[in-house]
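Report on the structure given below.
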Amino acid sequence: MKTNRRQMTADAVAGNGLLHRRALLGRGLAFAGAVGTAAGFPAGAAAEPLAEPDWSLIPGDAMPPYQVPSRFEKGVVRLTDNPTSQPVISHARTPHHLLNGIITPNGLHFNVNHGGVPVIDPSQHKLLIHGLVKRPLVFTVEALLRYPMVSRINFLECGGNSASLFSNEPVQATVQQIHGFASCSDWAGVPLAVLLEEADVDPKATWLVAEGADAPHLSRSVPLSKAFDDAIVALYQNGERLMPGNGYPMRLFLPGWEGNMNTKYLRRIKVTDGPALTYHEAHTYTDPLPDGKSFQFYFIQEVKSFISSPSPGVGPKAPGYVEISGVAYSGTGRIARVMVSADGGVSWAEAALQEPALPKAFTRFRMPWHWNGGPAVLQSRAWDEAGNVQPTRAEFVAQRGQTKSPATWPQFPSHHYNAVASWAIDAKGEVRNVYA
Amino acid sequence: MYTPKLAAGLFTLTAVLLSVAPAGAEGPNLGQPISQTDLAPWDLTVMPDGTGLPPGSGTPAQGKVLFADNCALCHGDEGKGGLVEAVVVNNPPPLSGPGSVKSIGNFWPLATTLFDFIRRAMPFTQPRSLTDDQVYALTAYLLYMNKVIGEGAVMDAASLPRVKMPNRDNFFPEFPKLMPQRP
């Protein structure tokens with residue numbers, strides 16, 4: 001295969017070393033002046049002679065009934081707080097910088113629990129549907145498992161994800177700390193519409209109020225139109241039953257909508273003719289704007305993307321080829337396009353979207369980059385199929401505002417942050433959060 | 001080969017099949033009917049118009065004692081903050097974007113939300129342990145301490161929905177088209 005410097009020049013598609021995405025296919029990639037340095041080895045150094053490693057000389061271990069990751073992956077964990085279960089909210093954040101693809105492993109899915117993780121016996125759990133219905137009904141878990149099910153790959157994002165970027169000065173935190181409240185799974189369950197039809201909903205009903213069986217009996221109001229559109233009572237997550245922190249034995253799942261509305265430990269649905277204005281919708285996930293008015297009922301997690309690698313703690317180790325990678329998602333539909341910049345937004349190039357690019361799901365994007373060892377500011381910006389575009393931070397702050405004094409991680413100055421995020425890389429390959 | 005004649009035949013066959021299917025949704029129908037009386041213990045929802053509020057009443061003075069005994073451990077003396085943020089805020093600064101103090105007096109749109117939340121979720125370590133009178137009293141205490149109602153006000157199913165929260169009219173939806181319209 002012929003490669004030469006001319007092709008390298010042709011492959012540059014934007015400033016500071018961004019390469020055409022054909023480089024991802026491994027065709028004709030050559031870096032003038034950087035050959036052989038990519039993995040940090042001395043240029044031209046030969047590999048050591050090969051020998052049989054110990055593990056190839058004896059039979060391996062027995063297989064456990066439920067396998068867990070290699071002991072060498074023990075650092076791939078969620079970032080948790082509240083280890084002694086104090087009477088406050090508990091959080092666990094997804095380690096995006098250590099993952100790839102679009103599916104979040106169940107053990108690494110983010111959790112926000114407002115009153116601990118309840119231990120629910122599925123044989124005792126019940127789901128009540130009542131209110132403006134002709135026939136109030138109680139469903140057991142066993143009964144729901146007999147219903148026709150659907151499964152979809154959808155992201156789930158807390159309304160508080162990325163909230164520390166509301167700070168007027170950039171907080172110093174990792175991608176896990178900043179963006180760790182978003183995950184993506186294959187959710188399977190019973191279409192809520194089927195259960196509502198069996199209960200026979202009154203035509204004048206417009207909302208439902210959902211409630212969990214956790215200690216705070218967490219409750220949220222949902223427009224009935226969403227319930228009849230694509231809502232499910234989810235029972236499975238990535239093929240197995242829901243994780244305890246994600247709502248076992250069942251949760252409401254509202255594709256693309258604010259995480260907190262996806263009521264976990266679902267035990268009750270009251271069909272109503274208005275919203276209840278519960279604590280979490282009247283107070284918590286309700287966002288004061290600079291003019292003193294506030295958004296209430298945000299619903300949609302809007303189009304967004306962030307770069308998971310390189311990111312703080314996982315910067316490039318040596319000049320040469322680097323794959324810039326991250327996830328993009330939109331509560332409105334499919335991701336249509338992701339643009340990436342390596343020069344702080346001066347120039348942009350289109351990233352490769354990894355198939356499948358599914359509606360309301362993580363879409364993995366990849367961008368080949370030749371890092372010359374100099375300073376760089378990496379950004380990603382997403383568009384969805386409806387034409388919605390991820391705002392720049394300047395555009396976002398002009399509408400939503402920012403703090404007046406610096407916030408510190410993990411404060412939540414407001415919610416529903418979806419603007420472009422920026423990672424600065426210095427000459428040592430160290431990465432930090434900046435505004436650009 | 002596909003012909004108009006064959007298509008017509010298929011259409012007739014489909015029509016026949018549809019005509020013998022039972023009307024309405026044919027779901028598994030595995031839900032068990034339950035009476036309003038039997039489901040009532042689980043119906044904790046309080047609506048903005050007061051629907052769902054139980055009988056009972058309480059005053060700020062009664063709530064003051066209950067708060068010290070049940071709430072101050074986390075929320076601080078007189079709700080001034082402790083393990084968690086304050087629930088009583090004197091002279092909160094005006095709301096102005098991210099980082100605003102969202103207090104009961106300057107932010108919350110409805111007083112019914114207080115009753116609904118305390119009854120379902122508080123105290124954090126013993127939810128559902130308070131009587132309805134106690135929940136009314138704590139609601140009254142917090143409204144009084146945040147200067148929304150007077151010291152002598154009595155909160156019950158009739159008075160609570162009528163409390164005018166100062167910030168009530170300053171909320172709007174991000175996506176108005178998604179807000180249900182009454183038929």
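Just need the relative contact order of chain B here, percent rounded to a whole number, with Cα pairs under 8 Å and 6+ apart. Computed value for chain B: 26 percent relative contact order. Of all aspartates and glutamates in the structure, the ones whose alpha carbon falls short of 16 Å from that of residue B:177, not counting any fewer than 8 places away in one chain, are A:229, A:302.
Entry for region A:105-164 at q = 0.21, 0.28 Å⁻¹: log10 I(q)/I(0) = -1.16, -1.14, Debye formula applied to identical alpha-carbon scatterers, no solvent contribution. Summed over qualifying helices (DSSP H, 4 residues or more, each -39500 (n - 2.57)) and divided by its residue number, chain A shows a 222 nm mean residue ellipticity of -2000 deg cm²/dmol. By the helix-only formula, in which each DSSP H run with n ≥ 4 contributes -39500 (n - 2.57) and the sum is divided by residues, chain B has a 222 nm mean residue ellipticity of -9500 deg cm²/dmol. What separates the Cα centres of region B:152-183 and region A:114-141 is a distance of 28 Å. For the pair residue A:80 and residue B:168, label points projected 7 Å from Cα toward Cβ lie 4.4 nm apart. Normalised Debye scattering of region A:304-434 at q = 0.18 Å⁻¹ gives log10 I(q)/I(0) of -1.02, counting only Cα atoms as equal scatterers and leaving out solvent. Taking every alpha-carbon pair under 8 Å whose residues sit at least 6 apart, chain A reaches a relative contact order of 19 percent. D by Stokes-Einstein for chain B, Kirkwood Rh over Cα pairs, 10 °C, 1.306 mPa s: 79 µm²/s.
Under the classification rounded if a/c is under 1.5, otherwise prolate if a/b is larger than b/c and oblate if not, where does region A:126-295 fall, given a ≥ b ≥ c as square roots of the Cα gyration tensor eigenvalues? Oblate shape, in that a/c is at least 1.5 and b/c is the bigger or equal ratio. In this structure, the residue pairs whose Cα-Cα separation is over 27 Å, taken from A:404/B:102; A:126/B:80; A:293/B:164, are A:126/B:80. Comparing mean-square fluctuations of A:422, A:414, A:405 from a GNM of chain A with C-alpha springs under 10 Å, the top value falls on A:405.
The Cα center of region A:50-106 and the Cα center of region A:351-376 differ in position by 24 Å. Normalised Debye scattering of the protein assembly as shown at q = 0.07, 0.10, 0.11 Å⁻¹ gives log10 I(q)/I(0) of -0.52, -0.96, -1.11, counting only Cα atoms as equal scatterers and leaving out solvent.
Does region A:233-322 classify as rounded, prolate or oblate by the C-alpha gyration tensor (a ≥ b ≥ c root eigenvalues; a/c under 1.5 gives rounded; else a/b over b/c gives prolate, otherwise oblate)? Since a/c reaches 1.5 but b/c is at least a/b, the shape of region A:233-322 is classed as oblate. Which shape class applies to region B:23-83: rounded if a/c is under 1.5, otherwise prolate when a/b exceeds b/c and oblate if not, where a ≥ b ≥ c are the square roots of the Cα gyration tensor eigenvalues? Because a/c hits 1.5 or more and a/b exceeds b/c, region B:23-83 counts as prolate. Protection proxy ranking of A:91-99, A:71-79, A:248-256, A:392-400, by the mean of other Cβ atoms within 10 Å over each peptide's residues and highest first, is A:248-256, A:91-99, A:392-400, A:71-79. The DSSP beta bridges internal to the protein assembly as shown are antiparallel in roughly 90% of cases.
Per residue of A:58-70, other chain Cβ atoms within 10 Å of the residue Cβ number 0 on average. Per residue of peptide A:99-112, the mean number of Cβ atoms on other chains within 10 Å of the residue Cβ is 0. In this simple spin-label model, placing a label point 7 Å from the Cα along the Cα-to-Cβ direction at both residue A:395 and residue B:38 gives a separation of 5.5 nm. When only alpha carbons are used to place a centre, region B:108-145 and region A:239-297 end up 20 Å from one another.
Build a GNM of chain B with springs between Cα atoms under 10 Å apart, and of B:124, B:115, B:107 the one that fluctuates most is B:124.
Cross-link reach is defined here as a Cα-Cα straight distance under 22 Å, omitting same-chain residues fewer than 8 places apart; for residue A:428 the lysines meeting it are A:317.
A cut-off of 5 Å between modelled amide H atoms, ignoring neighbours fewer than 5 places along the same chain, links residue A:133 with A:202.
With springs connecting C-alpha atoms under 10 Å apart, model chain A as a Gaussian network and identify which of A:56, A:85, A:347 has the largest mean-square fluctuation. Result for chain A, Cα springs under 10 Å: A:56 fluctuates most.
Where a number appears in this text, it was derived from the coordinates with a stated rule and is not lab data. Fair warning: this is a prediction, and the values are worked out from it, not measured in the lab. Glycine also receives a Cβ, built like all others from the backbone with ideal geometry; neighbour counts cover every protein chain displayed.
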